[in-house]
Every structure is written in C-alpha cells, then in structure tokens.
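The values are calculated or read from the model by the stated rules, or taken from the named source; none is laboratory data. Everything quoted here is computed from the prediction, not taken from an experiment. Backbone-built Cβ (ideal geometry, glycine too); neighbour counts: all protein chains shown.
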Amino acid sequence: MTGPVESPPAAARREQMRLLIEQQGFARVAQLSVQFGISEVTVRADLDALAGSSAVQRVHGGALAEARAVTTGERAFELSMLAASDEKRRIGIRAAELVESGQAIVLDVGTTTTAIAAALLARADLHDVVVITNALNIALALEPVIPRFTVIVTGGTLRPLQHSLVDPLAGAVLEHIRADIAFIGCSGVDAVAGVTNINLPEADAKRRMIQAATRCVVVADSTKLGVAHLSRVAPLSEIDTLVTGAEAEESAVRALTDAGLDVVRSAESR
C-alpha cells in the first residue's frame, strides 16, 4: 500500500519546482500541490519565494518561466490574460452575439476566445449549441452550461504553456465535423501577410479549424492589427470577419478593409 507523498526540504523542493516550471513553461498551484504533497498555501509561499529571487514570474493561479517566454517569443496563457483584458472581454461579447441556438461552433485556444466562452455562458437564450475546442480551459469553463451546450474536446498532444491540444491526433475530430462558425485567435492580422501565429503547432490546428467551418471569424485585440509573425494561418481571403476592439487605430482598420476584410469593432469601454 502506497503511503503519503513525502515532500523534500523547502530549498530542494523549490529548486525542483523551478526546474518543472522551466520545463513546462507554466505550472498551476493545484498541480504543484499534488505533485509535491504539500498544501496550496505552502505552494504559494514557495512560488512567492522563487519569484522574489527572479527564478519564476508569479501569475494568477501559478507561476511562469519568464525566460522561456522571452526565448520563444510566446507568452504563457496566464500572462496573456493580463494584457488588454477589458478589450478582450468586450471582443468576446461582440463575437458571442454572432452565435445562434442550434449552431455548431469551433472555439480556438487563446485568451480572446476564452472571453467568447465567458460571453456564451452569460447568454441564457442560447440552447443546443455544440462547441468544439482544442483548449482545455475553455472546455472546463463551459462545463456549467452542459447539457444546454454540448462540449467536444479535439484531443491531441497537450501544450502546457497555452493549455492547448495540437497534433498528433488533434486534427482527427476536426476532419469529421462541419461547424457553422470557427472562432480563431491569432498573434497578428496584417493586410499583406494575412492571419499569422507565433506558434507553429497551433497554427496548423487553426488551419484545420478554418477548413472545418462554413464561416471563419478571427478575434484579435487592437495590438495585433498590422502585425505579422512566423507562421501563416490563412490569407485574408479565407477569413469572413475580424472582430477587434474599439481601441483599434483607424489606419490599421482601413488597411484591412481596403484589403477586403469585414472588420467589426466591439463596444467602447465604459
């Protein structure tokens, strides 16, 4: 019979935590509590100590390996949640207004698509909506609305930095469905480069989502307009609508509309 997990001394435990966070890019308090056999209060104290020595960066719910984010150019989900949070909330509300009862939709991974999920939860008028997602956090966020919604997770290989599921196997579900709308997040939307993403595996999943839907809606906060990154997701000709924030600069919006993209802006901040 297996006994309780014995936690190593504080200094050794914190070094093990640091290595784990560096390897994963991000770790949750609850995960560390189970893994090290200590209370969540002790985990938070350990993470605060590591953050105090600049070994990790504390974010809501856990800690981020800051060096990893800088090296890859990709921020962890929890850190991205802190940026333009009110704008993303309003984009989520505006995008969720496009959904009707009885529809099947794809929700991509990302902080702005997570805002869509939150807005969908608030819409008591919706029923019989099928949501297909490759984001574990979105699937869990939508759990309270079941059975009014049906939530399908794509499966695949987990990327802890974004809580996303990618190939191999992530495309298996997408190849067998036809959704009404695919809501796609991205790292940049540019009139020439099109929709791009900083992460290659997720870019491939986004392309599959676009192919699996009748209509594609890209959601991006104003800081991503006019920006191009490494991996091209799709040209603007494959995108039906861009939903962005009221903060978007007129020149950036004009460049996209002149290129033929339908741009919808969210309500202004109150």
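See the values below:
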| read-out | value |
| --- | --- |
| Residue identified as at pLDDT below 95, among the hydroxyl-bearing types (Ser, Thr, Tyr) and more than 24 Å from THR244 (Cβ to Cβ) among THR157, THR150 | THR157 |
| Evaluation of VAL41 against (1) modelled with pLDDT of 90 or more; (2) over 30 Å from ALA220 (Cβ atoms); (3) crowded, with 18+ Cβ neighbours inside 10 Å (one fails), failing number | (3) |
| Within the range 193-208, tally of residues that are out of contact with any helix residue (DSSP H, G or I) (no Cβ under 6 Å at 6 or more places or on another chain) and touching a residue at least 60 places away in the same chain (Cβ under 8 Å) | 4 |
| Tally of residues being of a type in the set (Val, Ile, Thr) and closer than 12 Å to LEU64 by Cβ across the range 17-47 | 1 |
| Residue satisfying all of: in the range 241-258; part of a loop (DSSP other than H, G, I, E, B) and buried (at least 16 other Cβ atoms within 10 Å of the Cβ); nearest to the chain's Cα centre (by Cα) among these | GLY245 |
| All positions within the range 186-215 that are assigned to a loop (DSSP other than H, G, I, E, B) and either modelled with pLDDT of 95 or more or not assigned by TED's automatic domain parsing to the domain that holds ILE116 (or both) | ALA212 |
| Output for the range 237-270, where each listed residue is of a type in the set (A, V, I, L, M, F, W, C) and closer than 23 Å to ALA104 by Cα | ILE239, LEU242, VAL243, VAL263, VAL264 |
| Selection count, the range 91-144, where residues are touching a Lys or Arg at 6+ places or on another chain (Cβ under 9 Å) and basic (Lys, Arg) | 1 |
| Every residue from the range 137-155 that is among the aliphatic types (A, V, I, L, M) and in contact with a strand residue (DSSP E or B) (Cβ under 7 Å, 6 or more places away or on another chain) | ILE138, ALA139, LEU142, VAL151, ILE152, VAL153 |
| Within the range 200-230, tally of residues that are more than 19 Å from VAL264 (Cβ to Cβ) and either surrounded by 20 or more Cβ atoms within 10 Å (Cβ to Cβ) or within 17 Å of the chain's Cα centre (by Cα) (or both) | 12 |
| The range 130-141 residues that are at pLDDT 95 or above, paired with ones that are polar (S, T, N, Q) and surrounded by fewer than 18 Cβ atoms within 10 Å (Cβ to Cβ) (beta carbon under 9 Å, 6 or more apart) | VAL130/GLN103; VAL130/THR150; VAL131/THR150 |
